[in-house]
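This report refers to the structure that appears directly beneath it.
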Amino acid sequence: TQIDRSLNRQYGGWGRNGIGGEQSGSRLRHLYLRAHLYNDAELHDLALKGSAGFLNSIDPVWGGSYIASFPEGAEVPERFAALGAIPEKRILVQSNAITAFAIGYQHTGDEKYLAGIREIDRFLKNWMMADDGTFYTNQKSEPSRLPRGMSTYEYWALQSDRERRKYGTPPVDHAVYTDRNGEVISAYVLAYETTGNEDYLETATRAATTILDQRTRDAGWVVQATANDEVDSDARMRPLVTEEKPFLSAQAWFGSALLALYRATGDEHWLEAADRIGKATLNLLQDEKAGGFFATVPDATAAIIAPRKPLESNGTAASFYYDLWIYTKDDTYKSVSENAIRAVADPAIIRREGKITGEFAMALEKVTTAYVEFSIVGDTSHPNASALFEAGRDVFEPRKLLHYEAPGRYPDRGIPSMYICNPDMCSVPIENPADVKKQAAAFHGPAATL
C-alpha cells in the first residue's frame, strides 16, 4: 500500500513528475512480480510504463540514464527545462535501467528495449568500467570548464560529443562499491538471459570474478570498498571509507549476484561462492536472539546504542537466503529469511523509510508466495540437458530458481528431464524443451502451501 500510494499512474514510476531512476528499481520489479502473480492487467500496464519511462532518461550523446527525467506533458521545474532531466548518472540508476529494459523486452518483444540496454551498456563500458572489469559509482553533473552563464542543464543539452568536450567532461567518482557492483552484475545477467547476448554474461562474470579474487576475506565475506589510484585523485567531499569489516549490503547484494550467475549458467562455482558468503554473514552479522541482520559487526557502543538493522538490506538478505536455501537444501538457511523479515517488519520503521521499501516488499512477496524451482536431472553433458536449461532460462517467472540437480529427489530417467515444482506440486517429467513454457504456466500464481 505504501509503495502504491507513491506510484505515478500517469507516467509510471515513482517520481512526482516522471521517472526517478533510483526510486524505480526494486519497486518496478515488485510491480512486475505482482502483475505476474495475480494476472493483473492494470499492474502490468503500469509496470510497462515504468520500463518505457527509462527510455526518456537516456543521454543521446554518451548513453547512460540520467538520475531522473520528465516525460512529455509533465510539469518541468524551470531550472530543468533546458534538458528535461536531472543529469547526474549514478551506477544504481544504470542497473535499474538495464533491469527495466530487460523485463520490458521479455513482456513485449519491442526492440526499443534492446536499444535501451545497448545505450546503458555503451555508457558503462566507455565511462564507468575500471580496468579490472568492476564499475565506478557515478558520473557527476558539472564539467571541469563550465563557462559563466551556462548551466549544467544547458551543457548536457548539447547534442554532440565535440560540443560537450569544449567545456571538459564531468568527473567520475572512481570508488568501486561491492554492493553497487552486485546490482550491476545482476542486471547484466538478466540482460543476458533476456537477449542471449554472451557479451553481457562475460561482463557480469568478469566483474564478479574480480570481486571474488580481490575482496574475499579468509572468513568468507567480501569487503565493501578498497583503495585505488584513481579514487585517490578524485575531488571528494569526504574520503573513501575502506574499513576491513563486513557490511550487510555488500554480502546481500553480491551474494544475490552470484546466485543470478548460477541461475543463468548452472555453474556450481557461483553457488559455492554464494554459500561461503551466506555462512560468513550468518556467523558475523545475524542477531541470533531476535533475528535479522546488523548493518555491520556490532562494536563497543552496542551496549549503549542498539546496532542498526537496515530495512532494505535485510530485505535483500532475506531474498538471498531464501533462494540459497532452496538451491542448497541446507536447513541452516531455512528460517533465516522469515526471521529477517520479522525482525524489521515494524510498521513505524516501514513508514519512516517511505519509498525506500522495494527490496523489503520483494522479499515479503517471495517468501509468502513461494519459489518456482526448475530442476534438470540427468547427464549434464547431454544436448537435451542444455536445451532444457535454455528453455527454462527463456521463461519469465520472477521467482524462478533454475539449476541442474543430481539424481536423488528425482530419478535419472536415462534422458535429462526437467521438474518444475513449488511447495504445492510438481510438473510431470519434461523431456521436450518445447513443453517447458506450457508446464511453467501452471505455477503462475502464489503457492497455497507454505
inquiry  = Suppose we filter THR226, THR216, THR203 for residues that are farther than 29 Å from LEU311 by Cβ, surrounded by 13 or more Cβ atoms within 10 Å (Cβ to Cβ) and of a type in the set (S, T, N, Q); which single one remains?
reply    = THR203
key: Positions within the range 117-163 being under 30 Å from ASN197 (Cα atoms), in a loop (DSSP other than H, G, I, E, B) and out of contact with any Pro (no Cβ under 9 Å at 6 or more places or on another chain), in sequence order   = ALA130, ASP131, ASP132, GLY133, THR134, TYR136, THR137, SER160
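Quick grid of which residues meet (1) in contact (Cβ under 8 Å) with a residue 24 or more places away in the chain; (2) crowded, with 19+ Cβ neighbours inside 10 Å; (3) in contact with an Asp or Glu (Cβ under 9 Å, 6 or more places away or on another chain):
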| position | (1), (2), (3) |
| --- | --- |
| ARG308 | no, no, no |
| LEU311 | yes, yes, yes |
| GLY315 | yes, yes, yes |
| ALA318 | yes, yes, yes |
| TRP325 | no, yes, yes |
| ARG342 | yes, no, no |
| ASP346 | no, no, no |
query = Can you name every residue in the range 177-202 that is touching a helix residue (DSSP H, G or I) at 6+ places or on another chain (Cβ under 8 Å) and either within 30 Å of SER144 (Cα to Cα) or of a type in the set (Gly, Ala, Ser) (or both)?
reply = TYR177, THR178, ASP179, ARG180, ASN181, GLY182, GLU183, VAL184, SER186, ALA187, ALA191
request  = Filter the range 398-420 for residues that are out of contact with any Lys or Arg (no Cβ under 9 Å at 6 or more places or on another chain) and under 16 Å from TYR262 (Cα atoms) and give the result.
outcome  = TYR404, GLU405, ALA406
inquiry  = Being of a type outside the set (Lys, Arg), surrounded by fewer than 19 Cβ atoms within 10 Å (Cβ to Cβ) and over 28 Å from HIS269 (Cβ atoms): is that true of PRO429 here?
reply    = no
query = Going by the structure shown, is VAL222 among the aliphatic types (A, V, I, L, M) and modelled with pLDDT under 95?
reply = no
query = Exactly one of (1) under 23 Å from ALA208 (Cβ atoms); (2) touching a residue at least 12 places away in the same chain (Cβ under 8 Å) is unmet by ASP131. Its number?
reply = (2)
inquiry  = Residue under question is ASP110, and the condition is that it be under 25 Å from LEU28 (Cβ atoms), of a type in the set (Asp, Glu) and surrounded by 19 or more Cβ atoms within 10 Å (Cβ to Cβ); does it hold?
reply    = no
query = Does the range 145-161 include one or more residues that are touching a Ser or Thr at 6+ places or on another chain (Cβ under 9 Å), surrounded by fewer than 17 Cβ atoms within 10 Å (Cβ to Cβ) and either over 23 Å from ASP267 (Cα atoms) or hydroxyl-bearing (Ser, Thr, Tyr) (or both)?
reply = yes
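The values are calculated or read from the model by the stated rules, or taken from the named source; none is laboratory data. Predicted, not measured: the structure shown is a model, and the values here were computed from it. Note: ideal-geometry Cβ built from the backbone for every residue, glycine included; neighbour counts use all protein chains shown.
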